[in-house]
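Since every read-out is calculated from the coordinates, none of them should be taken as a lab result. Predicted model, so just to flag it, every value in this text is computed and none were measured. FYI the Cβ positions are ideal-geometry reconstructions off the backbone, even for glycines, and counts take in every protein chain you see.
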Amino acid sequence: MKLILLGPPGAGKGTQAKRLEDKYGFVQLSTGDMLRAAVAAGTETGKKAEAIMARGELVPNEVVVGIIAERIEQPDVAKGYILDGFPRNVAQAEALDEMLKGKGTALDAVVELVVDDRILLQRIETRAAETVGGARADDNAEALKKRLAVYHEQTAPLSAYYKGKGRLKAVDGMKEMDEVTRQIEAALGL
Ligand code: AMP
């Protein structure tokens, strides 16, 4: 199963991806986690990405496309994977299509967690308040709002992109967590 979880910051993509990983063995591939690891390790990629991430902007396409291209070659993802936070714009989606085509394969599905913006802004305020001094450099209200704006500008068009390819399945991301998991499983026929 090769899957994309699409949805704005705070929609619960990470939580749901982790659940699918634990239950079905599909590997969660979070570009955000990989970039944070690169920042922590002080690699060249990490140095390039750090300030951009702290502002809530997108790191350059070639950086994340390169990271994913390398990662999906690893043997541990043979059972399948869940892309969490990638692609973030149409150029990345096209690069992914090409990458998979080159390997003679394609995505199985794109699941969008649909969440009301007002609820997200509330979650953003709560998350920022809870992480004062923060676990994540971009978990302050300003950066989170920027990430939401970037989502609308650059990532939201991916719904139409994948709908056009007949791959999109929308799930109500505002339900409680277990119900969202059930809906994702139903959408995927799991
Ligand atoms: P996330 O953990 O998915 O919210 O990602 C945290 C930050 O990492 C984002 O705000 C971006 O700065 C960067 N990032 C993660 N994935 C991507 C991507 N696919 N393209 C560009 N930047 C990304």
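Can you tell me how many residues within the stretch 36-45 are surrounded by 15 or more Cβ atoms within 10 Å (Cβ to Cβ) and either under 12 Å from the mean Cα position of the chain (by Cα) or away from the ligand (no atom under 15 Å from the Cβ) (or both)?
Going through the stretch 36-45, the residues surrounded by 15 or more Cβ atoms within 10 Å (Cβ to Cβ) turn out to be 36, 38-39, 45.
Among the residues that remain, those that are also either under 12 Å from the mean Cα position of the chain (by Cα) or away from the ligand (no atom under 15 Å from the Cβ) (or both) are: none.
Qualifying residue count for the region: 0.
Among the numbered criteria (1) within 14 Å of the ligand (Cβ to nearest atom); (2) farther than 19 Å from Thr31 by Cβ, which single criterion is violated by Gly104?
(1)
Looking at (1) within 21 Å of Arg167 (Cα to Cα); (2) small (Gly, Ala, Ser); (3) within 14 Å of the ligand (Cβ to nearest atom), which is the one condition that is false for Gly80?
(3)
Considering the stretch 4-35 alone, what residues qualify as being in contact with a strand residue (DSSP E or B) (Cβ under 6 Å, 6 or more places away or on another chain) and more than 14 Å from the ligand (Cβ to nearest atom)?
Across the stretch 4-35, the qualifying residues are Leu20, Glu21, Phe26, Val27.
Is it true that some residue in the stretch 125-134 is in contact (Cβ under 8 Å) with a residue 60 or more places away in the chain, within 26 Å of Ala170 (Cα to Cα) and surrounded by fewer than 17 Cβ atoms within 10 Å (Cβ to Cβ)?
Scanning the stretch 125-134 turns up no residue that is in contact (Cβ under 8 Å) with a residue 60 or more places away in the chain, within 26 Å of Ala170 (Cα to Cα) and surrounded by fewer than 17 Cβ atoms within 10 Å (Cβ to Cβ).
Go through the stretch 46-67 residue by residue and tally those that are more than 8 Å from the ligand (Cβ to nearest atom) and either over 15 Å from Ala143 (Cβ atoms) or crowded, with 19+ Cβ neighbours inside 10 Å (or both).
Of the residues in that region, 7 qualify.
Can you tell me how many residues within the stretch 124-146 are touching a Leu at 6+ places or on another chain (Cβ under 9 Å) and of a type outside the set (A, V, I, L, M)?
So the answer is 4.
Quick check on my filter: what residues within the stretch 1-27 are assigned to a helix (DSSP H, G or I), within 10 Å of the chain's Cα centre (by Cα) and either among the acidic types (Asp, Glu) or under 17 Å from Glu179 (Cβ atoms) (or both)?
Lys13, Ala17
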